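The values are calculated or read from the model by the stated rules, or taken from the named source; none is laboratory data. Everything quoted here is computed from the prediction, not taken from an experiment. Every residue, glycine among them, receives a Cβ derived from its backbone with ideal geometry; neighbour counts consider all protein chains shown.
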Amino acid sequence: MIRICLFPLVSLLAAANALHAQENDKSWLVESHALFATKQSMHFEAHYFPTGSAAAAIDDILKSREAGYVAVSNFLNIDFPTKIKLYFFPDQETKRKVTGHGGYGWGFDNVIAEVYNDSIQVDPFHELTHVLAYQIAHPPAALDEGLAVYLSEKFGNSAFFELVGYPGSTINETLHILLKDKKPIALRALLAYEDISAASEVVLAYVQSASLVKFLIETHGREKFLKLFAAAKPNGIAATGELFVRLYQGDLSKVEQQWLVSLRISK
Ligand SMILES: [Zn+2]
């Protein structure tokens, strides 16, 4: 199974369904080989256009990716068995033309494809979290995307919030801003999304997911969260509810209430 990470670019969401057929075709990984120069580091094999921003910064990029790898793999307590292939594209249109995927970043199998130029740089943690964590499980999208955004903040990178229009804000500060004129998405609905891009409020769904993961990890601990991540299944809300009871001694409503009360948010 491949989870599409649209890494929200709201203007492209309308086109997302039309792109899925192409996204499932991975022949670009072989056919586009001649486009790229390559460079390897301990855990990565980077592919980048021979001229441009990524080529000029490739040593620094790989250094930061290696530091990101250590942080995320330690947190998840998992290693990747082979090198992870990083593909850098100079702009979104080129990335879409080559890969069929329209967002800024995309992680699946052993591949991370990102836009990298002077103004758009995806953080080194988000897609890497997906690629590493997919070895554990493919849980409900809220846990998967929430973890990727949470770990980016935990490890000190705010690129996600710059890309979605809230530069300098934390997860919970952004959530409070968004909830000034919106109702929070019910936890049961949030956990039922198969893909966050299916949410009617995509940015709110990402930020609420990240806030939920932050609450679960920082209030109840990393070990319990990793057990939840490993056992929860997409489209299995009843079973996910039972997992919450087992791990957090409360059903979805109770955990939702504790989380919102901790943020002083009312339903
Ligand atoms: Zn993602």
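Things to note:
- Residues satisfying the stated conditions in region 174-215, i.e. in a helix (DSSP H, G or I), among the charged types (D, E, K, R) and farther than 19 Å from Asp251 by Cβ: Lys214
- Unmet criterion (only one of (1) closer than 25 Å to Thr51 by Cα; (2) more than 12 Å from the ligand (Cβ to nearest atom)) for Tyr104: (2)
- Among (1) of a type in the set (A, V, I, L, M); (2) surrounded by 17 or more Cβ atoms within 10 Å (Cβ to Cβ); (3) without any contact (Cβ under 8 Å) to a residue 40 or more places away in the chain, the one test that Ile171 misses: (3)
- The single condition among (1) charged (D, E, K, R); (2) buried (at least 19 other Cβ atoms within 10 Å of the Cβ); (3) free of Cβ contacts under 8 Å to residues at least 24 places away in the same chain that Glu256 does not satisfy is (3).
- Criterion: touching a Ser or Thr at 6+ places or on another chain (Cβ under 9 Å) and within 13 Å of the ligand (Cβ to nearest atom) - qualifying residue of Thr174, Thr129: Thr129
- Residue in region 102-121 that is surrounded by the fewest Cβ atoms within 10 Å (Cβ to Cβ), counting only those that are among the hydrophobic types (A, V, I, L, M, F, W, C) and either in contact with a helix residue (DSSP H, G or I) (Cβ under 6 Å, 6 or more places away or on another chain) or modelled with pLDDT of 95 or more (or both): Val111
- For Glu223: the one exception among (1) within 14 Å of the ligand (Cβ to nearest atom); (2) in a helix (DSSP H, G or I); (3) of a type outside the set (Phe, Trp, Tyr): (1)
- Cross-chain or 6+ apart pairs with Cβ under 7 Å, region 138-163 first and within 24 Å of Glu223 (Cβ to Cβ), then crowded, with 19+ Cβ neighbours inside 10 Å and of a type in the set (Lys, Arg): His138/Arg3; Ala141/Arg3; Asp144/Arg3; Tyr150/Lys214
- Qualifying residue in region 67-85 (condition: touching a residue at least 40 places away in the same chain (Cβ under 8 Å) and at positive phi): yes
- Residue that is among the hydroxyl-bearing types (Ser, Thr, Tyr), outside the structural domain of Arg65 (by TED's automatic domain parsing), under 22 Å from the mean Cα position of the chain (by Cα) and closer than 30 Å to Asp118 by Cα, where the choices are Ser200, Ser152: Ser152
- Every residue from region 45-82 that is outside any helix (DSSP H, G or I) and under 30 Å from Gly221 (Cα atoms): Asn77, Ile78, Asp79, Phe80, Pro81, Thr82
- Taken over region 147-166, the criterion of being within 22 Å of Ala71 (Cβ to Cβ) and away from the ligand (no atom under 16 Å from the Cβ) is satisfied by Gly156 alone.
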